[in-house]
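The values are calculated or read from the model by the stated rules, or taken from the named source; none is laboratory data. As the structure is a computational prediction, the values presented were derived from the model and not from experiment. Ideal geometry is used to build each Cβ from the backbone, glycine not excepted, and the neighbour counts take in all protein chains shown. Surface accessibility is based on the protein's heavy atoms, side chains included, excluding ligands, DNA and RNA. Shrake-Rupley method; radii C 1.70, N 1.55, O 1.52, S 1.80 Å.
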Amino acid sequence: MAARGKNKLIAYVEQIGKRVEALEASDDPPTGEAFQHIVESVVNSVRRLCAGAPAELRQGLRSALEEAGCLDGAKPNPDTTLDQLSAGIKAIAELIGEPEDAGEEEVEAPRPFRPTKSSAGEAERPDVDVTAGDETDSLAEVVKRLWEMEQPYRLVPGKDIELCLQGKADWDPLSADGRSVVDRATEPLFQNVKTAKFDELTHAYLALLDNYKRESDKRETATPEEKREMDRFLDLMDDTPHMRYVHNVLVKWDLAPKKIRDFMANVYDAWFTNYYGGTSSGFEHVFVGEEKKNREGRSEIIGLHNWLQFFREEQRGNINYLGWAKRGADDGLMISVKFAWQDDDPEVEVKTVSTFLVGTSIAFEFALATLIFFGGKDGDKPWVKIGPHDVAIQLWKNRDRMGEHVRSVYID
């Protein structure tokens, strides 16, 4: 197992071990279905993080969990007790041993940071100073600096991306929620995107998007290949100046551990831990999108706050752009749209309004959302500037006995 992957697993196990100890010391430890969900989340997360490990180590981890009573065959044991979960975590920690020297990842981020070249072979991106300076007195100034770092990475609307806005979307006056499907745009929103400029991280992100069940009431599972894709995405995110800078800012704010491996374990936990009985996660909601039943029993689309996912699904013929809800500025950086997202059932699911940035790299969007999550409280809605635009970013958190996880982060 590569040092980076091993250290990530160690950091996660250490983090979970502390939380389980806190549960053991609690006067009101979780029981029943709530505790079953904790066991499932921990066991499945360990499996995902060790997907790239040698077969011998994977078998050893499985045996440790089985002997502790955390596994029933290949699945998490629904009858696991808190003592057994604690024993399983300790057995795993003993089996994987101590962290290994992984070079730069275990020390302070290099100054200047040297970004990786894009796969498109364009001019090498400039070195970046990722030091957290005086701008950390203000979230707005931090976001401003993050946006400055983003410039060599983003695709520029009007240059690299051609949009076709067409008509303004209808709001059905006979429908309380506006979910009419009148199409005011006969052409796709994205007319042309220079996909040759997509870098390695973008391709790693796109590979994740078909790993999820769209319906929010279905439990998520992951194949070994999907687990490796998740690891690859996070490893590449770790290598971006965006994430290194956000880490340094959060350290300065005393909101993140100093070691990057420990921070990335927190990032993994916040974004990829499944909650609501294993049916959803922050990453799935924000970057992939979900389908759920509303109060009237009709299916609707929630989440999906990323232009790359919208473009990908539109290219596949799954998203039907119905028109714009708000045109946004002339620079095309931001737009609010209405769309229908088709799947294999006859019902047409609609999202009345979705606002997203256009052309921004996944490095910028994921790092920004991570900054807002760790730097804010549930319900916060800070105003910041992205380029010349004042925007509000809404934050919602999901909290259970094992900590806080992303519920949603989006531009409102």
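So PRO241 ticks every box in (1) farther than 21 Å from GLY403 by Cα; (2) open to solvent by 10 Å² or more (accessible area, probe 1.4 Å) but one. Which box is left unticked?
Unmet condition: (2).
With (1) farther than 19 Å from ARG214 by Cα; (2) open to solvent by 10 Å² or more (accessible area, probe 1.4 Å) as the list, and ALA265 as the residue in question, which single condition is left unmet?
Every condition holds for ALA265 apart from (2).
List the number of the failed condition for HIS305; all other conditions in (1) over 14 Å from the mean Cα position of the chain (by Cα); (2) part of a loop (DSSP other than H, G, I, E, B); (3) crowded, with 17+ Cβ neighbours inside 10 Å hold.
Every condition holds for HIS305 apart from (1).
Just for segment 197-219: of the residues that are open to solvent by less than 80 Å² (accessible area, probe 1.4 Å) and out of contact with any helix residue (DSSP H, G or I) (no Cβ under 7 Å at 6 or more places or on another chain), which one is nearest to GLY5 (Cα to Cα)?
ASP199
Looking at (1) in contact with a strand residue (DSSP E or B) (Cβ under 8 Å, 6 or more places away or on another chain); (2) surrounded by fewer than 19 Cβ atoms within 10 Å (Cβ to Cβ); (3) on the phi > 0 side of the Ramachandran plot, which is the only condition GLY289 fails?
(2)
Need the failing condition index for ASN320 against (1) touching a residue at least 60 places away in the same chain (Cβ under 8 Å); (2) in a helix (DSSP H, G or I), just the number.
(2)
Looking at SER354, SER361 in this structure, which one is buried (at least 18 other Cβ atoms within 10 Å of the Cβ), among the hydroxyl-bearing types (Ser, Thr, Tyr) and at pLDDT 95 or above?
It is SER361.
So, in segment 30-56, exactly how many residues are open to solvent by 50 Å² or more (accessible area, probe 1.4 Å) and not in a helix (DSSP H, G or I)?
Of the residues in segment 30-56, 3 are open to solvent by 50 Å² or more (accessible area, probe 1.4 Å) and not in a helix (DSSP H, G or I).
Out of the residues in segment 383-412 that are of a type outside the set (Val, Ile, Thr) and closer than 19 Å to HIS247 by Cβ, state the one that is modelled with the lowest pLDDT.
Only one residue fits best here, namely GLY403.
How about segment 329-351: which of its residues are surrounded by fewer than 20 Cβ atoms within 10 Å (Cβ to Cβ) and of a type outside the set (Val, Ile, Thr)?
ALA329, ASP330, ASP331, GLY332, SER336, ALA340, GLN342, ASP343, ASP344, ASP345, PRO346, GLU347
Residue-wise test of (1) within 27 Å of HIS37 (Cβ to Cβ); (2) in contact with a Ser or Thr (Cβ under 8 Å, 6 or more places away or on another chain).
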residue	(1), (2)
LEU189	no, no
VAL193	no, no
ALA204	no, no
LEU209	yes, no
GLU220	yes, yes
HIS242	no, yes
VAL246	no, yes
VAL249	no, yes
